[in-house]
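K.L.:
Before we start, here is the structure in question, set down as structure tokens.
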Amino acid sequence: MKHMGERLASNPSGILMYHPPGRALMMGRLLGIEFATELLESILVVFLLAQTGLVSFGTRVGFVTVAGILAAIATNVSYWNWYGFPSVYTASYMFTQIVGFLCVGLAAALVFGRN
């Protein structure tokens, strides 16, 4: 560990995902997994919202949005910090996640407001 800082300062570093030739690009499968992941996140956060006693539209939207901010911070900041992901990428991806949760919060608040 003593010399690790010196090695990092004088040598290149990074992360490389290597896949040998022959890996098929199965766009449908990839999109399906991404959709299922986003749907599961939405279901879980709406379940958590249903467990609260929040009654106003704004507090419901805020609850889900804060959950999205927490999810975005939990993964992306660590990747930025430990692996050196670019700041612009990190901020952009976090923004995308937070806006997604905001949309889920708006939809859930509208639905719960009718019950």
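K.L.:
Examine region 21-29 for a residue that is assigned to a helix (DSSP H, G or I) and open to solvent by 90 Å² or more (accessible area, probe 1.4 Å), and state whether such a residue exists. Full working, then the answer.
P.N.:
First, pick out the residues of region 21-29 that are assigned to a helix (DSSP H, G or I): 27-29.
In the following step, the residues that additionally are open to solvent by 90 Å² or more (accessible area, probe 1.4 Å) were identified as 27, 29.
Yes - at least one qualifying residue is present in region 21-29.
K.L.:
Continuing with this model, one more query. If I filter region 59-76 down to residues being out of contact with any helix residue (DSSP H, G or I) (no Cβ under 8 Å at 6 or more places or on another chain) and not aliphatic (A, V, I, L, M), which single residue comes out as farthest from PHE95 (Cα to Cα)? Lay out the reasoning, then the answer.
P.N.:
Quick first cut of region 59-76, residues out of contact with any helix residue (DSSP H, G or I) (no Cβ under 8 Å at 6 or more places or on another chain) only: 59, 66, 70, 74-75.
With not aliphatic (A, V, I, L, M) added as a condition, the list becomes 59, 75.
Values: THR59: 20, THR75: 13 Å.
Once the filter is applied, the top-ranked residue is THR59.
K.L.:
Under 6 Å by Cβ, and 6 or more places apart or on different chains, what pairs join a residue from region 81-92 that is touching a residue at least 12 places away in the same chain (Cβ under 8 Å) with one that is of a type outside the set (A, V, I, L, M, F, W, C) and assigned to a helix (DSSP H, G or I)?
P.N.:
Going by the 6 Å Cβ cut-off, the qualifying pairs are THR90/ASN76.
K.L.:
From the list PHE35, PHE57, exactly one residue is in contact (Cβ under 8 Å) with a residue 40 or more places away in the chain and either among the aromatic types (Phe, Trp, Tyr) or farther than 17 Å from LEU106 by Cβ (or both). Which is it? Full working, then the answer.
P.N.:
Values: PHE35 fails: in contact (Cβ under 8 Å) with a residue 40 or more places away in the chain.
Checking each option against the conditions leaves just PHE57.
K.L.:
I would also like to ask the following. Would you point out which residue out of VAL88, VAL77, VAL45, VAL61 is open to solvent by 70 Å² or more (accessible area, probe 1.4 Å) and at pLDDT 95 or above?
P.N.:
Just one listed residue meets the conditions, VAL88.
K.L.:
Out of (1) assigned to a helix (DSSP H, G or I); (2) in contact with a helix residue (DSSP H, G or I) (Cβ under 6 Å, 6 or more places away or on another chain); (3) touching a residue at least 60 places away in the same chain (Cβ under 8 Å), the odd one out for ILE15 is which?
P.N.:
Condition not satisfied by ILE15: (1).
K.L.:
Please tell me if ILE33 is in a helix (DSSP H, G or I) and of a type in the set (Val, Ile, Thr). Don't jump to the end; show me each part of the working.
P.N.:
Details: in a helix (DSSP H, G or I): yes; of a type in the set (Val, Ile, Thr): yes.
Yes: the conditions hold for ILE33.
The values are calculated or read from the model by the stated rules, or taken from the named source; none is laboratory data. No experiment lies behind these values; they were computed from the predicted model shown. Note that each Cβ is placed from the backbone with ideal geometry, even for glycine, and that neighbours are counted across all protein chains shown. When the accessible area is computed, the model is the full protein with side chains, heavy atoms only, and any ligands, DNA or RNA have been set aside. Shrake-Rupley method; radii C 1.70, N 1.55, O 1.52, S 1.80 Å.
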